[in-house]
Amino acid sequence: MNDTLAFAAMEVIKSHGLRIPQDIALIGYTDEQHANYVEPKLSAVCHQTYQMGQTACQLLIDRLKGDKTVRQVVIPTTLQVRESSVKEG
């Protein structure tokens, strides 16, 4: 759901004596600033929250103005690969 849950998962994984990424690779979703400050640094899907909200709002405004067109809008994401998902060797 988001990086905060991934941070909690990191804690639980480590508390069970497992290593990230050697035993379990982990990727978050939101790419919060904190992803760079945990150990190991968290890989994450980075989505464009502002653009998603702006697009959704525009679609709603268009609908309220009578536009009945059904549209599918794809907002691109990127994967920020960091230490939590990269296995060495």
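Throughout, read-outs are computed from the coordinates displayed, never taken from laboratory work. Keep in mind that what you see is a predicted model, and the values were worked out from it rather than measured. Glycine gets a Cβ as well: all are built from the backbone with ideal geometry, and neighbour counts include every protein chain shown.
Annotations for the structure displayed:
- Here is the figure for the stretch 55-89: residues that are without any contact (Cβ under 8 Å) to a residue 12 or more places away in the chain, among the aliphatic types (A, V, I, L, M) and not in a loop (DSSP other than H, G, I, E, B) total 4.
- Cβ-Cβ distances below 9 Å connect the following pairs, each with a first residue in the stretch 1-28 that is closer than 16 Å to S43 by Cβ, a second residue that is surrounded by fewer than 17 Cβ atoms within 10 Å (Cβ to Cβ) and of a type in the set (K, R), and a separation of six or more residues or different chains: I13/R19; I20/K14; P21/K87; Q22/K87; A25/K87.
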